[in-house]
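Heads up, the thing below is written out as C-alpha cells.
The values are calculated or read from the model by the stated rules, or taken from the named source; none is laboratory data. Here the structure is a predicted model, which is why all the values come from computation and not from measurement. All Cβ positions, even for glycine, are placed from backbone atoms using ideal geometry, and neighbour counts span all protein chains on display.
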C-alpha cells in the first residue's frame with residue numbers, strides 16, 4: 001500500500017532528525033533525552049499504525065481463495081456485525097484518528113518539555129496551549145511562522161473536533177483548507 005511507503009519515508013526523516021540531534025548535542029543515541037524519546041515514540045506509533053494496516057491486508061489476503069474474497073470470513077474474523085464497506089470505514093477511521101491524536105500528544109509534550117527546559121514559559125503560565133507552545137518554539141528557534149505551524153495546528157484542530165463532536169477551528173487560524 002502507498003501509505004506504508006509514506007510511513008517508512010517519514011520514519012526515515014525522523015531517524016535523520018535523531019541523528020542530527022545526536023551529532024549536534026553529543027548525546028548518546030540511546031539517551032533518554034526528551035527530544036530523542038519523543039522522536040522514538042513517534043516512530044514507534046508510525047510503525048505500529050503501518051503494522052495494523054499490514055495486518056488487516058494480510059487478513060484480507062487470508063480470506064481470499066483463488067481470487068475470491070470471503071466477505072463473511074473476514075467480517076467474522078474482525079468481529080464486525082456491519083457490512084464490509086462500513087467495517088472498513090470504521091476500522092480505518094479509528095486507526096487514523098488514533099494515530100493523529102497520539103502523534104499530536106507526543107509533539108505537544110515535546111514542545112512543553114522544551115519550553116520548560118529552555119525557560120520560555122512565562123512564570124504565571126507553566127502550562128499553555130499548543131498555539132502558545134508553537135509560538136514560543138518558533139520564536140526561540142527563529143523559524144518563520146508559516147505553513148509548517150499551520151500544519152501543526154491542523155493536528156490540534158482535528159483533536160479539538162473530536163472533543164467538540166463537530167469540525168472545529170479557531171477564527172484566528174482560518175480554515176484547514178487554506
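For residue 30, all conditions in the list (1) touching a helix residue (DSSP H, G or I) at 6+ places or on another chain (Cβ under 9 Å); (2) outside any helix (DSSP H, G or I); (3) under 22 Å from residue 116 (Cα atoms) hold save one; what is the number of the exception?
Here residue 30 clears every test but (3).
Considering region 57-87 alone, what residues qualify as being touching a residue at least 12 places away in the same chain (Cβ under 8 Å) and touching a helix residue (DSSP H, G or I) at 6+ places or on another chain (Cβ under 7 Å)?
Passing the criteria: 59, 60, 63, 71, 74, 75, 77, 78, 84, 87.
Can you name the condition, by its number, that residue 90 falls short on among (1) modelled with pLDDT under 90; (2) under 25 Å from residue 46 (Cβ atoms)?
(1)
Filter region 107-120 down to residues that are within 23 Å of residue 146 (Cα to Cα), free of Cβ contacts under 8 Å to residues at least 60 places away in the same chain and surrounded by fewer than 17 Cβ atoms within 10 Å (Cβ to Cβ), then give me how many there are. Working first, answer last.
Narrowing region 107-120 to residues within 23 Å of residue 146 (Cα to Cα): 107-115, 118, 120.
Keeping just the survivors that are free of Cβ contacts under 8 Å to residues at least 60 places away in the same chain gives 108, 111-112, 115, 118, 120.
From the residues that got through so far, the ones that are surrounded by fewer than 17 Cβ atoms within 10 Å (Cβ to Cβ) too are 118.
The total comes to 1.
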